[in-house]
Amino acid sequence: MRRAIEFCVWMASWWDSQKEKRVSLRPHVSEGVRAYALEQADSERRRSMEWSICWDNIRKRGRDVLEHLKVQDSPMTLSVLEVEINVDEYEDSLRDDGFF
């Protein structure tokens, strides 16, 4: 998931770099292209933040487990980590159409 989050950050940066690439367009088209690029960059940033927040507890738990494995003599007990994953309506529609 770390790589997916990093990819979202990279995509946001890429979209930001695209907003001024098309200079030979009519002003109203150029404005639309710029707005689209900004919207896509914002969407990627929001996705990376949402995923970071959702996976933060799992990443912390993974670090705890790895640290415990490094120190074998440590009598650490690991508690159960319960994770709730929400599926949005778009994914529900894909599931209904047989994509999942």
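Any read-out appearing in this document is the output of simple, stated calculations on the displayed coordinates, not a laboratory observation. Everything quoted here is computed from the prediction, not taken from an experiment. Note: ideal-geometry Cβ built from the backbone for every residue, glycine included; neighbour counts use all protein chains shown.
Table for the structure above
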quantity	calculated
Extension gain, residue 66 back to residue 19 (0.36 nm per residue minus Cα-Cα distance, nm)	12.7 nm
Spacing of the two label points (7 Å from each Cα toward its C-beta) at residue 4 and residue 82, in nm	2.3 nm
Gain upon complete extension [residue 28, residue 51; 0.36 nm per residue less C-alpha separation]	4.8 nm
Sequence ranges 44-56, 21-33, ranked by mean other-Cβ count within 10 angstrom, highest first	44-56, 21-33
Cα-based reach from residue 60 at 17 Å (exclusive), listing lysines while leaving out same-chain residues under 8 positions away	70
Karplus 3J(HN,Hα) series, Hz, for the stretch 17-31 with 6.51 cos²θ - 1.76 cosθ + 1.60 (x for Gly, Pro)	6, 7, 4, 10, 6, 8, 9, 8, 8, 5, x, 5, 6, 4, 5
Charge dipole (the stretch 2-75, unit charges on Cβ, about Cα centre) - positive-most of 62, 51, 25	25
